[in-house]
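**Q** Dumping the structure here so I can ask a few things about it.
The values are calculated or read from the model by the stated rules, or taken from the named source; none is laboratory data. Keep in mind the model is a prediction, meaning the values are calculated, not measured. Quick reminder, even Gly has a Cβ in these numbers, built from the backbone with ideal geometry, and neighbours come from all protein chains shown.
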Amino acid sequence: MSRSPSDTDWRRLGHAVAGRVRRPGEAGFREASVPFNKRFAGVTPAGVVSVKNAADVRIAIEWARETGVDVVARSGGHSYAGHSVNTGLVIDLSAMNTVSANGSTGLVTAEGGARMADVHAAIQPHEMAFALGNGASVGLSGLTLGGGCGATSRVLGLTADALVATTMVTADGRLLHCDATTNADLFWACRGGGGGNFGINVSFTYQATPVTGCASYLLLWDRADAPKVFSVLQEIVRQAPDELATRIGVSSAGGSALVVSAIGQYLGPAKELRELLDPVLSVAKPIRMDIADRTYWQAQDDMRHETAEGAFAVRTNIVTRPLPDEAIATLLSSIDRLPASGNPDGGGAALFSWGGAINRMGATETAFAHRNAMFLLSMDTSWAENDEPAVVDANLRWLAELGNEMSPYVTDGAFQNFIDPDLADWRTAYYGVNYPRLKEIKKRVDPDGVFTFAQSIGS
């Protein structure tokens, strides 16, 4: 449990850093500390230090150790489980958001507080990219440390796969450079070992590749076509070249009828994309269809997606083969019964196409162990902050039941970027065969458990 430093302690921290310390009630405090997932809106830090540089990060960690205050880092702040906020000290890296790109070498270097919008702005003039998330406000740090996937991952691999070096401040205040030859174990752990476990990453360097023209698509169908759409689209993905990415989704909100969707991109011309999609277009006519050639950057805009506002919960599983008809029927039947709530975003499920370059790395080459997936299955529900406890309970119970109903058709693996506070066997689910090595690295680099939260390595 976090201790309560004196006002003198807080003033001492404020004088020591180049950045700014904010306490509850002060201007800017809420913006720097409010959880993205309002399920955890009741968690309020004792203070936030908005750092300007790595030296500030080191000072803040040392101060937290001296005063006995729990400490967490906050980059994008998008932790689904609210782990970028605590009741102690939050180290806010949002001001450390500089990104530089070298068009000659393809190297991209970003500070630990950079977000997707910052990265895109830096790499677009050089017409190069690496796999990135689809939300403009998502933090690059958390994305990378959890593995990170995007619409180009079947060709470019994970965000973590593009990482060639990182610099981090450890629990004992050391500033460590990590790459394949220097602090190699720690570098390995930073490629999928999850955010907030081993220190605070203040810099990342990636190897980007040239972008190409592409096509993007958005297809919508009625509920009646859902079984056929899910079945045929899965088979399309199974046979398609890596250049095709798709998100097959079904959602319900506010008592409205289910909407079935497919959204994605193809690193090739729209003519070829239409040919790839023809089996599903033939078996079920969409109520809306948009398939067109795009620049790479237009396609990224088309794929942009922000996670639901308000309070939400997500359950994930790794899928290694197409879901059979009975699994699809189970999924759709459950979403038909989604409880009502005050959040217009509702809930649903989606299959994200994985495989390709993701699976061409071994399970132990990086800390990211999910190297045999065909799809990521993500199931979610949401509610409003002012909903009655019974509404919240009903939605969480629905999600748990859906997860149980789908368990015969999926593996035990779960995606650590979509961290789930209700997941019991998270050690195996997130990290699989890599957990023992991660635990050993954690014990060596943070023996006192300075960076500890509900699902931290070693806890």
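**Q** Do you know which of the residues in the stretch 367-411 that are of a type in the set (Asp, Glu) and touching a residue at least 24 places away in the same chain (Cβ under 8 Å) is nearest to residue 313 (Cα to Cα)?
**A** 380
**Q** Moving on to the next point. Which number in (1) closer than 30 Å to residue 381 by Cα; (2) more than 17 Å from the chain's Cα centre (by Cα) marks the one condition that residue 78 misses?
**A** So the condition that residue 78 fails would be (2).
**Q** State the number of residues belonging to the stretch 315-333 that are closer than 27 Å to residue 390 by Cα and crowded, with 21+ Cβ neighbours inside 10 Å.
**A** At the first step, the residues of the stretch 315-333 found to be closer than 27 Å to residue 390 by Cα are 315-317, 330-333.
The next check asks that each one be crowded, with 21+ Cβ neighbours inside 10 Å; those that pass are 315-317, 331.
Selection size over the stretch 315-333: 4.
**Q** Does the stretch 280-301 hold any residues that are of a type outside the set (A, V, I, L, M, F, W, C), more than 29 Å from the chain's Cα centre (by Cα) and either within 29 Å of residue 129 (Cα to Cα) or surrounded by fewer than 15 Cβ atoms within 10 Å (Cβ to Cβ) (or both), and which are they? Spell out the reasoning first.
**A** Of the residues in the stretch 280-301, the ones of a type outside the set (A, V, I, L, M, F, W, C) are 282, 285-286, 288, 290, 293-296, 298, 300-301.
In the following step, the residues that additionally are more than 29 Å from the chain's Cα centre (by Cα) were identified as 282, 285-286.
Passing the criteria: 282, 285.
**Q** Right, residue 235: closer than 23 Å to residue 356 by Cβ, touching a residue at least 60 places away in the same chain (Cβ under 8 Å), surrounded by fewer than 19 Cβ atoms within 10 Å (Cβ to Cβ) and charged (D, E, K, R) or not? Steps first, answer last, please.
**A** Details: closer than 23 Å to residue 356 by Cβ: yes; touching a residue at least 60 places away in the same chain (Cβ under 8 Å): yes; surrounded by fewer than 19 Cβ atoms within 10 Å (Cβ to Cβ): yes; charged (D, E, K, R): yes.
Yes.
**Q** Something else about it: I want to confirm something. Restricting to the stretch 191-232 and keeping residues that are of a type in the set (Val, Ile, Thr) and farther than 30 Å from residue 92 by Cα, which single residue is surrounded by the most Cβ atoms within 10 Å (Cβ to Cβ)? Spell out the reasoning first.
**A** Step one: list which residues in the stretch 191-232 are of a type in the set (Val, Ile, Thr), which gives 200, 202, 205, 209, 211-212, 229, 232.
From the residues that got through so far, the ones that are farther than 30 Å from residue 92 by Cα too are 209, 211-212, 229, 232.
On the way: 209: 14, 211: 20, 212: 13, 229: 24, 232: 20.
Filtering the stretch 191-232 for residues that are of a type in the set (Val, Ile, Thr) and farther than 30 Å from residue 92 by Cα, the one surrounded by the most Cβ atoms within 10 Å (Cβ to Cβ) comes out as 229.
**Q** List every residue pair whose Cβ atoms lie under 8 Å apart, where the two residues are 6 or more positions apart in sequence or sit on different chains, the first residue falls within the stretch 412-438 and is of a type in the set (Ser, Thr, Tyr) and at pLDDT 95 or above, and the second residue, located anywhere, is part of a helix (DSSP H, G or I) and crowded, with 21+ Cβ neighbours inside 10 Å.
**A** 430/416; 431/416; 431/438
**Q** Sort through 405, 385, 401 and tell me the only one that's surrounded by fewer than 17 Cβ atoms within 10 Å (Cβ to Cβ), over 28 Å from residue 325 (Cα atoms), outside the structural domain of residue 86 (by TED's automatic domain parsing) and charged (D, E, K, R). Outline the logic, then answer.
**A** Numbers: 405 fails: over 28 Å from residue 325 (Cα atoms); 401 fails: over 28 Å from residue 325 (Cα atoms).
Only one candidate qualifies: 385.
**Q** Please list, ordered by first then second residue, the pairs with beta carbon atoms under 6 Å, 6 or more apart or interchain, first in the stretch 154-166 and closer than 16 Å to residue 142 by Cα and in contact (Cβ under 8 Å) with a residue 60 or more places away in the chain, second among the charged types (D, E, K, R) and outside any helix (DSSP H, G or I).
**A** 160/191
**Q** Continuing with the same structure: Would you mention how many residues in the stretch 155-187 are touching a strand residue (DSSP E or B) at 6+ places or on another chain (Cβ under 7 Å), buried (at least 23 other Cβ atoms within 10 Å of the Cβ) and of a type in the set (S, T, N, Q)?
**A** 1
**Q** Which of the residues spanning the stretch 121-141 are closer than 14 Å to residue 158 by Cβ and out of contact with any helix residue (DSSP H, G or I) (no Cβ under 7 Å at 6 or more places or on another chain)?
**A** none
**Q** Please verify whether residue 106 is at pLDDT 95 or above, among the small types (Gly, Ala, Ser), within 20 Å of the chain's Cα centre (by Cα) and closer than 24 Å to residue 183 by Cα, treating the condition exactly as stated. Steps first, answer last, please.
**A** On the way: at pLDDT 95 or above: yes; among the small types (Gly, Ala, Ser): yes; within 20 Å of the chain's Cα centre (by Cα): no; closer than 24 Å to residue 183 by Cα: yes.
In short, no.
**Q** Please count how many residues of the stretch 424-459 are assigned to a loop (DSSP other than H, G, I, E, B), surrounded by fewer than 18 Cβ atoms within 10 Å (Cβ to Cβ) and not small (Gly, Ala, Ser).
**A** Here the count works out to 4.
**Q** Among the residues of the stretch 300-340, what is the count of those that are over 19 Å from residue 351 (Cα atoms) and either modelled with pLDDT under 90 or in a loop (DSSP other than H, G, I, E, B) (or both)?
**A** Here is the first cut: in the stretch 300-340, the ones over 19 Å from residue 351 (Cα atoms) are 301, 309-311, 337, 339-340.
Then keep just the ones that are either modelled with pLDDT under 90 or in a loop (DSSP other than H, G, I, E, B) (or both); that gives 301, 309-310, 337, 339-340.
Counting residues in the stretch 300-340 that are over 19 Å from residue 351 (Cα atoms) and either modelled with pLDDT under 90 or in a loop (DSSP other than H, G, I, E, B) (or both) gives 6.
**Q** Further question: Can you pull out every residue in the stretch 397-417 that is assigned to a helix (DSSP H, G or I) and of a type outside the set (A, V, I, L, M, F, W, C)? It would help to see each step written out before you state the result.
**A** Pass one, the stretch 397-417, residues assigned to a helix (DSSP H, G or I): 397-409, 416-417.
Scanning the stretch 397-417 gives 397, 401, 403, 404, 405, 407, 408, 409, 416, 417.
**Q** Based on this model, can you work out whether residue 250 counts as in a strand (DSSP E or B) and aliphatic (A, V, I, L, M)?
**A** On the way: in a strand (DSSP E or B): yes; aliphatic (A, V, I, L, M): yes.
Yes, satisfied.
**Q** Which numbered condition trips up residue 115, out of (1) crowded, with 23+ Cβ neighbours inside 10 Å; (2) in contact (Cβ under 8 Å) with a residue 60 or more places away in the chain; (3) among the charged types (D, E, K, R)?
**A** (2)
**Q** If you go through the stretch 362-379 one residue at a time, do you hit one that is under 15 Å from residue 412 (Cα atoms), small (Gly, Ala, Ser), part of a loop (DSSP other than H, G, I, E, B) and within 18 Å of the chain's Cα centre (by Cα)?
**A** Yes, the conditions are met somewhere in the stretch 362-379.
**Q** Does the stretch 218-244 hold any residues that are in contact with a strand residue (DSSP E or B) (Cβ under 7 Å, 6 or more places away or on another chain), outside any helix (DSSP H, G or I) and not charged (D, E, K, R), and which are they?
**A** Residues satisfying the conditions are 218, 219, 220, 221, 244.
**Q** I would also like to ask the following. Just one of 264, 268, 342 is touching a strand residue (DSSP E or B) at 6+ places or on another chain (Cβ under 6 Å) and either of a type outside the set (Phe, Trp, Tyr) or touching a residue at least 40 places away in the same chain (Cβ under 8 Å) (or both); which is it?
**A** Details: 268 fails: touching a strand residue (DSSP E or B) at 6+ places or on another chain (Cβ under 6 Å); 342 fails: touching a strand residue (DSSP E or B) at 6+ places or on another chain (Cβ under 6 Å).
When all the criteria are applied, what remains is 264.
**Q** Residues to consider are 51, 99; find the one that is touching a strand residue (DSSP E or B) at 6+ places or on another chain (Cβ under 8 Å) and surrounded by fewer than 22 Cβ atoms within 10 Å (Cβ to Cβ).
**A** On the way: 51 fails: surrounded by fewer than 22 Cβ atoms within 10 Å (Cβ to Cβ).
Checking each option against the conditions leaves just 99.
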